[in-house]
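Input: a single structure, listed below in structure tokens.
The values are calculated or read from the model by the stated rules, or taken from the named source; none is laboratory data. Given the structure is predicted, the values throughout are model-derived calculations rather than measurements. Note: ideal-geometry Cβ built from the backbone for every residue, glycine included; neighbour counts use all protein chains shown.
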């Protein structure tokens, strides 16, 4: 991470923050690098799952969240429709300020239209 | 009863979410929870009556990462 000069590192919230002691050493390593941590909802395969994970992230006082909804298990390509729906559900529930990083053609505009902030 | 906690099958004695968090030894860490893919607010799970568990429930418990290891 140092060699890359990255200032933001995205991390699966469920994998690294689940369990009483699980992932603490990894989090500690990332924090010690002084980079901004962007939790993501990796591993979520439904809108409901991604929404619950994002809500949990906010409850942990994390200001940023990268929404991910898996569309295909083989390729891990995103479910674009699911992402838009999850964003709308979260916006309706008052959870705003979601961050977005997506390179897919047309997707950023749709997600920003649904409420994502960047 | 048998639950799936953070993806793992577990046999637990707890009958509600608050008791489960104690049983799993989360102590006073800042956590967030979901039951059957629905977010459960802290004030809800702290009230055991609102979060009775059922056999087969899927529970997710996330811990706010500590800044440094002690």
In the stretch B:21-70, anything exposed (fewer than 15 other Cβ atoms within 10 Å of the Cβ), at pLDDT 90 or above and touching a helix residue (DSSP H, G or I) at 6+ places or on another chain (Cβ under 7 Å) is listed as B:38
Residues in the stretch B:1-16: is at least one within 10 Å of chain A (Cβ to nearest Cβ) and touching a strand residue (DSSP E or B) at 6+ places or on another chain (Cβ under 7 Å)? yes
Under 6 Å between Cβ atoms, at least 6 apart or on separate chains: pull out the pairs that start in the stretch B:29-42 with a residue that is at the interface with chain A (Cβ under 7 Å from one of its Cβ atoms) and end on any residue that is assigned to a loop (DSSP other than H, G, I, E, B). B:30/B:64; B:32/A:60
So, in the stretch A:37-78, how many residues would count as being facing chain B (nearest Cβ under 8 Å) and farther than 27 Å from residue A:1 by Cα? 7
